[in-house]
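**Student:** The structure's right below; bear with me while I get my questions together.
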Amino acid sequence: MSAAFLSVYDKTGIVEVARVLSQAGIDIISTGGTARLLKNAHIPVQEVSDVTGFPELLEGRVKTLHAKIHAGILYKREKPDHLREITELGIPQIQYVIVNFYPFVDAVKKNLPIEEMLEYIDIGGCTLARSAAKNYPHVTVVVDPADYTELISQIQTMGSTSSSLRKKLAFKAFNLTSYYDSQIARFFQEKLHMRFFPPESSIPLYGYSPLRYGENPHQHAALYGDFWNYFQQLQGKDLSYNNILDIDAAVRILSEFGSDSAIAAIFKHSSPCGVGMGMTVKEAFEKAFKTDKESPFGGVIALNKPLDPALAEILADIFVEVIVSPEYEPESLQLLQKKKNLRLIQVSLNKLPPPRYIIRSLCGNSYLLQEPDNMLLDQEKMKIVSLRKPTPEEMNKCLFGWKVVKHVRSNAIVFSDADRTLGIGAGQPSRVDAVRIAIDKAGREGLSLKGSAVASDAFFPFPDGLELAASAGATVVIQPGGSVRDKEVIEAANKHNMAMIFTHLRHFLH
């Protein structure tokens, strides 16, 4: 006689499934709360202890880890020796395994101590799922209530399940147990403050959100994780893969600045077009926009303070894909709702955690993992290496530029004032070319670089880039230092009466 083993934490739909199985002549074996629920629904049930002849142990911690259960799942139906053995031992022929697990992931969010979290680690359910998935040619495993409808349909129409369905459900079971274990491993890694990268690692992906496509229409893509716990879409088309990359880059740069002043950052293809600071978001945006009036077309605008009507009126006449703000004043929403395709995103900036890893997928089935670049500048470790010291005003210009250049693709150069970017050169193999581009862009926008600061994400390998910046009007330089030609670069700064600061902190971004 065929049997089904049912033991679920999430009991959604389990009564209906059990009734269909029972009506199909399949014996039901169950445990604990699931068994009680089915009995109350007048569905015939065998308790697992009646099958094994062994009581539940240790307050229910050991219920299903028994040879009679797992042999009934794992035996190969095509082998006469297997069938004879389980028949002689009175082992049930388990054809269906329907389980789901203790909610470990939900418990993590409660920030419980390790000792309490141990009670949320499922052992029996995971083991049952793996056994059933391993023997998918003969056994149907269901770990997701969303699959009950298809299961019921096939049992009622075919009397059993198809091979293709069993394969699909086995994959889901293995995928879930892998994810479940990786969440446990990550929990212990964080609780024990283990920063190292272990020899073997898995990164749990959850919170699946399908995307229309990836960077290009022919690429499939999806979003995973807690993104929508911190971002809320108020209007507009669904976010694209590229939108999400730009949003992430933009809010990262906002995190560099405090909340005393309004900050506006304009991004396109994960690179800043301009960043501005002001008393209001309108003032901050206008400063950012003046850095480059062409590139923001179709880009992302991110603010660290509520979007007010004064700025909303301006943005209503500019084509951008996305606006990100911690809050939208009602009148601002009314002004922007006329642009139905414009995506308005509200972000919980104060609650937004930094990224856990930076991950790059490589050829050869390989991955690069690193910690994110969350290092902030320690002004105590800065060193003035020039003969002339920067003035307080120049220092403010340097600090603003340094916060921005960290988020520009390498090689990166940023000319800045104390409250705005003036010229940005990004993503160049040659640092001097990055300087040229930044100067050229400032010139095309009619922005003077006289008295500006120039920030470089890595050292100047030769004096040429610094000399070019000096000829454009920059009077102060902030850079990591560390070149074998530092002495020559310092001499060039002194020659042009420039002040220069070494941060001893590099910010490559690739």
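**Student:** Obtain the nm distance between the two label points defined at residue 297 and residue 121 by a simple spin-label model: each point lies 7 Å from its Cα along the Cα-to-C-beta direction.
**Tutor:** 5.8 nm
**Student:** Which order results if 192, 399 are arranged by neighbouring Cβ count within 10 Å, fewest first?
**Tutor:** 192, 399
**Student:** Let me ask you something else. Set the Förster radius R0 to 60 Å, insert the Cβ-Cβ distance between residue 341 and residue 81 as r into 1/(1 + (r/R0)^6), and round the FRET efficiency to 0.05.
**Tutor:** Working from the Cβ atoms, E equals 0.35.
**Student:** Under the definition of Cα pairs under 8 Å and six or more residues apart, what whole-number percent is the relative contact order of the range 381-502?
**Tutor:** Result for the range 381-502 is 29 percent.
**Student:** In addition: Just want to confirm a number: the relative contact order over the range 228-347, from Cα pairs under 8 angstrom separated by 6+ residues, in percent.
**Tutor:** 28 percent.
**Student:** For the range 228-347, what proportion of DSSP beta bridges, expressed in % and rounded to the nearest 5, is antiparallel?
**Tutor:** Antiparallel bridges: around 65 percent, rounded to the nearest 5.
**Student:** Something else now. Output the 0 to 90 degree angle, nearest 10, between the alpha-carbon long axis of helix 124-134 and the longest principal axis computed from the alpha carbons of the chain.
**Tutor:** Compared with the principal axis, the helix lies near 80 degrees.
**Student:** What share of the DSSP beta bridges in the chain is antiparallel, in percent to the nearest 5?
**Tutor:** 55 percent
**Student:** Please report, in debye to the nearest 20, how large the charge dipole of the range 228-347 is about its Cα centre when each Lys and Arg carries +1 at its beta carbon and each Asp and Glu carries -1 there.
**Tutor:** Rounded to the nearest 20 debye, it is 260 debye.
**Student:** Any chance you could give the angle, 0 to 90 degrees and rounded to 10, that helix 463-472 forms with the longest Cα principal axis of the chain?
**Tutor:** Helix 463-472 sits roughly 60 degrees off the main axis of the chain.
**Student:** Something else: In degrees between 0 and 90, to the nearest 10, how far off the longest principal axis of the chain does helix 431-444 point, with axes built from Cα atoms?
**Tutor:** Helix 431-444 and the main axis of the chain meet at about 70 degrees.
**Student:** With runs of 4+ DSSP H residues as the only contributors, calculate the mean residue ellipticity of the chain at 222 nm using -39,500 (n - 2.57) per run, divided by the residue total and rounded to the nearest 500.
**Tutor:** Estimated from H runs of four or more residues: -11000 deg cm²/dmol.
**Student:** What residues have an amide H closer than 5 Å to that of residue 225, excluding those fewer than 5 places away on the same chain, when H is modeled at 1.01 Å from N in the peptide plane?
**Tutor:** 206, 207, 208
**Student:** Now a separate question. With each pseudo-label sitting 7 Å past Cα toward Cβ, what's the residue 164-residue 445 distance in nm, one decimal?
**Tutor:** 5.6 nm
**Student:** Roughly what would the spin-label model give for residue 351 and residue 226, points 7 Å off Cα along C-beta, in nm?
**Tutor:** Inter-label distance under the simple model: 1.0 nm.
**Student:** Please state the charge dipole magnitude for the chain, taken about the Cα centre, from unit charges on C-beta atoms (+1 on K and R, -1 on D and E), reported in debye and rounded to the nearest 20.
**Tutor:** In debye, rounded to 20, the chain gives about 680.
**Student:** Normalising by the residue count of the chain, find the relative contact order in percent from Cα pairs under 8 Å and 6+ residues apart.
**Tutor:** 8 percent
**Student:** Between the range 458-510 and the range 376-425, what is the separation of their alpha carbon centroids in Å?
**Tutor:** With the range 458-510 and the range 376-425 each reduced to a Cα centre, they are spaced 11 Å.
**Student:** Something else: Enumerate the amide H contacts of residue 235 below 5 Å, restricted to partners 5 or more residues apart or on another chain; note that Pro and chain-start residues carry no placed amide H.
**Tutor:** Sorted by chain and number, the residues that satisfy this are 344.
**Student:** I've got another one for you. Under unit Cβ charges (Lys, Arg +1; Asp, Glu -1), what dipole magnitude, rounded to 20 debye, does the range 330-375 have relative to its Cα centre?
**Tutor:** Its charge dipole is roughly 320 debye.
**Student:** I'd like the FRET efficiency for residue 368 and residue 154, computed as 1/(1 + (r/R0)^6) with the beta carbon distance as r and R0 of 30 Å, rounded to 0.05.
**Tutor:** Computed FRET efficiency for residue 368 and residue 154 comes out at 0.10.
**Student:** In addition: Please give me the summed charge of the neighbours of residue 276: other residues whose Cβ is under 14 Å from its Cβ, Lys and Arg +1, Asp and Glu -1.
**Tutor:** +1
**Student:** Still on this structure, I have one more. Take the cross-link list 381/403; 109/191; 11/76; 441/487; 110/191 and give me the ones stretching past 18 Å between alpha-carbons.
**Tutor:** Too far apart for the 18 Å limit: 11/76; 441/487.
**Student:** If you don't mind, another one. Of the peptides 113-122, 322-331, how do they stack up when ordered by the mean number of other Cβ atoms within 10 Å, highest first?
**Tutor:** 322-331, 113-122
**Student:** Once the dipole of the chain is set up with Lys and Arg at +1 and Asp and Glu at -1 on Cβ about the Cα centre, which of 86, 254, 126 lies farthest towards its positive end?
**Tutor:** 86
**Student:** Please name which of 453, 496, 348 has its Cα lying farthest along the dipole of the chain towards the positive end, using unit charges on Cβ (Lys, Arg +1; Asp, Glu -1) and the Cα centre as origin.
**Tutor:** 496
Each reported figure results from applying straightforward, stated rules to the coordinates on display, with no laboratory input. Just so we're clear, the structure is a prediction, and the values are computed from it rather than from any experiment. Every residue, glycine as well, gets a Cβ built from its backbone with ideal geometry; the counts of neighbours run over all protein chains shown.
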